1. So for SER173, SER84, fewest C-beta neighbours within 10 Å to most, what's the order?
2. Which of the aspartates and glutamates could a cross-linker bridge to LYS387, judged by Cα under 15 Å and excluding same-chain residues fewer than eight apart?
3. Could you put LYS389, LYS58 in order, starting from the residue whose Cβ has the fewest other Cβ atoms within 10 Å?
4. Order of ILE347, ILE308 from fewest to most other C-beta atoms within 10 Å?
5. Please compute the length gained on full extension between ASP247 and ASP348, using 0.36 nm multiplied by the number of residues separating them and subtracting their Cα-Cα distance.
6. Compute the length gained on full extension between LYS58 and ARG280: take 0.36 nm times their separation in residues and subtract their Cα-Cα distance, giving the result in nm to one decimal.
7. Run down the lysines and flag those whose C-alpha is under 19 Å from the C-alpha of LYS389, throwing out any fewer than 8 positions away in its chain.
8. Enumerate the lysines that LYS107 could reach by cross-link, defined here as Cα to Cα under 22 Å, with residues fewer than 8 away along the same chain left out.
Amino acid sequence: MATAKLILLYFLAVLSLSHFCFGQTVQPPPTEVIVRVVVRDPNGTPLKAAHVDLAGRKVVTDGSGMATASLQAGIRVITAAFPSFEVGVLVLDISSDLPIERDIVLKPNADCPWPPNAVPPTDPLSSSDYVELEYPSGMLAGYRVRVRADGEITFRGSYAGAMPFFYDTRKVSPADASGLIERFRSTEFWSLCGHYTYLPTQLSVSDQTFEVVTVQIGRQLRRTSDYARMAPPVFRELTRAFNVVVDTERWSPRRRNHEMPLWLDGVGGMRKEDATQLFRRSNLTASDSSGVPLVMYAVQSTWPLEIIRAFFDAGANAKAFSRIGETALMAAVTAARPSTTWVEALIDQGADIDAQDRDGRTALMLAVQHFASASESSVENVGLLLKAKARTDTRDTYGMTALDYLEQDSQRLQEWLRPNHEKLRQAIMAP
């Protein structure tokens with residue numbers, strides 16, 4: 001009995017000491033707290049229909065820019081996303097049961113035009129104006145289709161990014177082609193951001209469609225990419241219209257009868273001696289029915305330098321060009337996988353670095369244009385062309401120089417490309 005009394009007195013003493021030291025009895029943390037977030041632009045205007053992730057709970061803001069959810073205590077991360085703005089992040093330390101209300105102010109995204117700048121071109125269409133659809137990755141990696149206002153459609157690409165590669169052309173009526181391009185001359189398209197991809201509020205999936213649309217009307221060029229169908233509906237409406245005019249399924253690389261030899265891709269893994277024998281048995285100056293020379297197919301493959309040299313030693317022509325004035329050097333700098341090895345070899349073989357296609361574009365202009373949507377190799381290829389003294393003052397039929405094309409994309413580049421953009425700019429401007 002005495003022992004029980006002592007134990008009871010001990011616990012009462014501990015309880016009294018706890019109350020004396022801390023002033024009150026320790027309370028359990030709150031189970032859930034009401035959190036309200038208002039998403040605003042830099043002017044303080046609430047943003048309706050912004051996507052907000054409240055610690056895993058997906059909410060769309062209402063007309064007052066507010067998103068509400070009940071969150072558990074602890075450190076909670078909240079993100080907000082809205083077209084034309086950078087993603088905003090807010091970190092909350094929830095330790096009380098009192099409701100919380102905070103603002104998230106989003107910064108404008110340089111990749112997206114402000115409404116006053118989203119003005120479509122007003123110039124009348126010329127025959128060389130175009131819209132192009134490209135697949136940079138996936139099963140149609142490197143597949144590009146361009147529709148010109150004069151009705152010419154050019155195809156290039158391969159299936160699953162592998163050989164055989166193909167070039168092809170066909171014609172539609174100029175009225176159909178011009179009508180398609182005019183559909184892209186809309187405020188809705190010209191208001192699109194340069195890139196659309198997964199928001200932080202969504203799960204990332206690697207096997208998704210990736211499409212890039214490029215439109216040139218007069219001196220204005222606009223490029224927009226859509227990964228996993230994240231772009232606004234107008235993007236898909238326009239690409240569907242594009243596919244109707246082009247009849248894409250009929251002209252898919254899966255359905256092509258390839259005219260060039262199938263060894264073009266496999267020769268890169270041969271011994272030099274075996275490749276040399278193969279080259280000597282082949283017509284290396286042949287062209288396909290569209291007038292595209294074999295060398296322009298070859299530059300789409302990845303060959304080691306010794307095989308490339310053997311190719312030219314056996315009679316391949318580095319100065320060959322297609323019926324539309326595209327050279328092998330132009331094809332190399334715009335390949336799906338641009339190869340510095342091919343570019344350097346073509347320059348060494350005497351390729352005309354300042355040659356112009358029928359639209360007046362040079363290899364340097366095309367390499368600069370390709371830089372915004374391609375790999376690090378494009379930067380190196382621009383450097384190789386400049387080292388070979390490629391002219392930087394040449395103007396195409398639009399009156400544009402290589403620097404003009406570089407500057408057009410400067411405000412719409414992905415962040416990781418910006419340092420290289422400045423390097424290219426300084427290199428092109430160097431005397």
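1. On the way: SER173 10, SER84 19.
Result, fewest neighbours first: SER173, SER84.
2. Within reach: GLU344, ASP348, ASP352, ASP354.
3. On the way: LYS389 9, LYS58 13.
By the 10 Å Cβ count, ascending, the order reads LYS389, LYS58.
4. Working: ILE347 20, ILE308 25.
Fewest to most other Cβ atoms nearby, the residues stand as ILE347, ILE308.
5. On the way: separation 101, 0.36 × 101 = 36.36 nm, distance 4.03 nm.
Gain in length upon complete extension: 32.3 nm.
6. Details: separation 222, 0.36 × 222 = 79.92 nm, distance 6.39 nm.
Here the segment from LYS58 to ARG280 would lengthen by 73.5 nm.
7. Answer for LYS389, where 19 Å is the Cα cut-off: LYS319, LYS423, listed by chain and number.
8. Those lysines meeting the cut-off are LYS48, LYS58.
The numbers here are math on the coordinates, done by the rules we state, and not lab data. A quick note: this is a predicted structure, and the numbers were derived from the prediction, not measured. Heads up, the Cβs are rebuilt from the backbone with ideal geometry, glycines too, and the neighbour counts pull from every protein chain shown.
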